[in-house]
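Everything below concerns the one structure shown next.
The values are calculated or read from the model by the stated rules, or taken from the named source; none is laboratory data. No experiment lies behind these values; they were computed from the predicted model shown. Every residue, glycine as well, gets a Cβ built from its backbone with ideal geometry; the counts of neighbours run over all protein chains shown.
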Amino acid sequence: MIEFKNVSKTYDNGTKALKNVSLKINKGEFVFVVGASGAGKSTFLKLIMHEEVPNSGTVIVNNQNLITMRKKEIPYFRRTMGIVFQDFRLIPNMSVYDNVAFAMRVIGAYEKEIRKRVPYVLGLVGLNTKARSMPNQLSGGEQQRVALARALVNNAGLIVADEPTGNVDPEMSFEIVDLLNHINANGTTVVMVTHEHELVRSFQHRVVVINNGTISSDTGPEDLAARGANRRSAPQKGRGSAYYHADEQRARREKSFIQTYEPASAVKKEKTAQGEQPARKEPEEKPSASKEKSGEIKPAVRSGERPADPQRERDGVKSAQKADQLVGELKTGAASAPFARDEEDKIDYSIYLEHLSELGGDQDE
């Protein structure tokens, strides 16, 4: 499908993009091409699409030698592949439907075939309801899916994607690569340039690493699976363990979040179920009316404050006694009737708290 034989590319400004690269990609493969910025990834794709010509070596794509290809043959050659760009490259004055249909019209497809094929492909990428929308009415992820539909509509045997997840959020990035993965499962060859290593780890496919214009690593899916098994079995230290124990850390964070925002009653129930006794607040001894009358307990007076009103203090003591009595009746069920909204209702906890506050009682008790 794709073969590079000792390919080198040097630009006019002296930049050596690729240096003696040899690589073969078979039909039906899914290949990630990764590397740092400026490593030569984009040049690698441009050579496949015949946007650039190497200074030396041979490039063969779909059994066609691109070095000897004539200029008038290039447009017909590009029709055999689907290309997904990082910046979408949608036609701004065309709707979603027309952007996808345009790829079929330029190869001379009949309108009857276009009306049948375009809705089907839009359905594959989840954009059935956006067919009449304009590009400026779509989100970045939706525009990228339009570009992907355009690449798929001619049923190309080769999909070339130049960082299709560069302008979308992580969740949409995963969905786009997952869609490419399903397309590859049907026999389409996919070559995808990306810098997102998390996506590469999530999908077990061949990974080609380009570094300073040369291929520093070429790892197949079998090697990736074996390497992942070795990493999971080996003890991890420092930052390395953070990736392999991400699920455990996420579970601890979720548990902490639940405990933080859970109602206090639910936390007490959980502790009781685990055999822990929730800490009980010891009720403070309240001064009785008889002791206050006899003068054994005098209300405290802070400096700068007026002495408390004795009558108000006595009313507070009576309210506290009524609250204690109410709590006792609630526990025994004797006070159910006054708080029931109808005969079948049980005591509502919020009404109970409201009445306690009216009587001056402590809600914690």
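Points to keep in mind about this one:
- Residues (over 25 Å from residue 119 (Cβ atoms) and either assigned to a helix (DSSP H, G or I) or touching a Cys at 6+ places or on another chain (Cβ under 8 Å) (or both)) located in segment 147-173: 170, 171, 173
- A residue that is surrounded by fewer than 20 Cβ atoms within 10 Å (Cβ to Cβ), closer than 21 Å to residue 186 by Cβ, in contact with a strand residue (DSSP E or B) (Cβ under 7 Å, 6 or more places away or on another chain) and touching a residue at least 60 places away in the same chain (Cβ under 8 Å) can be found somewhere in segment 157-166.
- Test result for residue 20, over 26 Å from residue 185 (Cα atoms), polar (S, T, N, Q) and at pLDDT 90 or above: yes
- From the options 135, 92, residue that is assigned by TED's automatic domain parsing to the domain that holds residue 77 and either out of contact with any helix residue (DSSP H, G or I) (no Cβ under 9 Å at 6 or more places or on another chain) or surrounded by fewer than 16 Cβ atoms within 10 Å (Cβ to Cβ) (or both): 92
- Criterion (in a strand (DSSP E or B), touching a His at 6+ places or on another chain (Cβ under 7 Å) and within 19 Å of residue 191 (Cβ to Cβ)) met by exactly one of 4, 32, 77: 32
- Checked against the criteria, residue 96 counts as at pLDDT 95 or above and farther than 30 Å from residue 38 by Cα.
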